[in-house]
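The values are calculated or read from the model by the stated rules, or taken from the named source; none is laboratory data. Nothing here was measured: the structure is a model prediction, and the numbers come from that model. Here Cβ is always computed from backbone atoms with ideal geometry, including for glycine, and neighbour counts include all displayed protein chains. Note: areas computed on protein heavy atoms with side chains; ligands, DNA, RNA excluded. Shrake-Rupley method; radii C 1.70, N 1.55, O 1.52, S 1.80 Å.
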Amino acid sequence: MNNVGKMSHFERIFNSIVDEPVDRLPAFPMVCGLSRRLVGATHREYSTISKVAANSLLAAQKEFDMDVIPLLIDLSVIAGDFGAKVRFPEENTPMVEEFLIRSVDDYEKLEAPEIPGARMKHQIETTKLIMEKVAGQVPFSVLVEGPLLVLTQLAGVERVLKDVKREPKAVDTALKVITEAIVEYLDCYPDGGGAGAICMDYLWGNRTIMSDDDYRNLESKYEPIIRRKILEKGYMYSIHNCGESPMLDIQIREYQCPLYSLATYPDRGENRSISKILTLSATKVGRFLLLAHREPSKQWV
């Protein structure tokens with residue numbers, strides 16, 4: 001029987017991380033853009049107007065009593081500011097419709113934009129508005145695209161995964177530029193003061209996509225630079241991944257990640273042994289808080 005008294009959102013999250021008793025399991029539903037429906041906004045408004053995004057997420061926290069506010073706009077924020085053409089549907093997630101990188105030479109010519117760009121500013125301003133409302137009451141988690149994810153948004157997944165093998169130096173040149181831009185972008189956020197986390201989306205660190213060796217030669221070697229900046233800014237370090245076989249040993253143990261977010265889609269026929277993988281990884285890597293997310297019902301999309 002659980003004799004723990006009612007906890008605050010902060011107490012519940014941090015007790016979970018250090019494996020101490022909690023009054024209930026932490027709730028961290030990835031409502032994100034779906035939250036716009038609570039304030040009657042379109043997805044385009046959520047993606048372009050900071051006040052709308054902040055009010056949407058705050059309304060979701062109140063409605064669902066979330067222990068963490070998932071501050072995710074979409075996955076084309078950084079790529080859009082690099083110059084990829086992003087489409088903003090009224091009622092769907094923004095997406096890249098024209099890639100910036102179309103040849104091997106384009107990897108090597110890639111230059112960082114002025115930082116923060118317009119899309120970065122939107123996410124930073126949304127973060128500030130949320131901090132003003134809930135700092136010290138509800139933790140929040142800002143999702144930022146990792147270097148390899150940004151590159152696939154700039155060049156397309158098929159091209160990048162092929163060029164990892166045939167043009168690794170060119171790919172690495174672009175990853176270095178993107179990493180430096182991400183670090184500069186992170187530096188533009190207000191000081192976290194321990195009130196929230198910055199969650200890096202390292203979704204390509206997955207064994208259904210590439211080998212450990214390939215991953216170590218790509219995004220993995222730039223991870224310490226990003227992690228140092230996040231901790232320097234006063235945020236908890238967090239990682240998000242999704243898919244069948246995420247590299248949990250690398251992304252949790254080697255990256256020293258205390259808070260790990262994993263999206264699973266069992267109804268799509270993915271890895272049925274994921275629970276065993278998670279149990280084994282927890283045994284190998286030590287204490288961490290795993291936040292597993294299920295695919296939302298189609299009626300909410």
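Values for this structure:
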{"item": "When each of LYS6/LYS62; LYS85/LYS233; LYS128/LYS221 is checked by Cα-Cα distance, pairs over 26 Å", "result": "LYS85/LYS233; LYS128/LYS221"}
{"item": "Total formal charge among the other residues, if their Cβ is under 15 angstrom from that of ILE73, Lys/Arg +1 and Asp/Glu -1", "result": "+1"}
{"item": "Heavy-atom accessible area ranking, 1.4 Å probe, most first, across THR179, THR42", "result": "THR42, THR179"}
{"item": "Accessible area (Å², per residue) of the stretch 199-266, counting only protein heavy atoms and a probe of 1.4 Å", "result": "34"}
{"item": "Candidates VAL150, VAL142, VAL104: whichever shows maximal mean-square fluctuation once the chain is modelled as a Gaussian network with Cα springs under 10 Å", "result": "VAL104"}
{"item": "Accessible area expressed per residue, the stretch 1-116, with surrounding protein chains retained (probe 1.4 Å, Å²)", "result": "51"}
{"item": "Net charge over other residues, Cβ less than 11 angstrom from the Cβ of ARG12 (K, R count +1; D, E count -1)", "result": "-3"}
{"item": "Most fluctuating residue given options LEU148, LEU34, LEU25, as computed from a GNM of the chain linking Cα atoms under 10 Å", "result": "LEU25"}
{"item": "Accessible-area composition of the chain, carbon plus sulfur, in percent [1.4 Å probe]", "result": "51"}
{"item": "Taking the stretch 1-133 and dividing mean pair separation by its residue count, relative contact order in percent (alpha carbons under 8 Å, at least six apart)", "result": "23"}
{"item": "Residue with peak Gaussian network fluctuation, the chain [Cα springs, cutoff 10 Å], from GLN123, GLN256, GLN153", "result": "GLN256"}
{"item": "The chain, helix-only ellipticity at 222 nm - DSSP H runs n ≥ 4, -39,500 (n - 2.57), divided by all residues, nearest 500", "result": "-12500 deg cm²/dmol"}
{"item": "Aspartates and glutamates whose Cα lies under 13 Å from that of LYS51, excluding same-chain neighbours fewer than 8 positions away", "result": "GLU125, GLU132"}
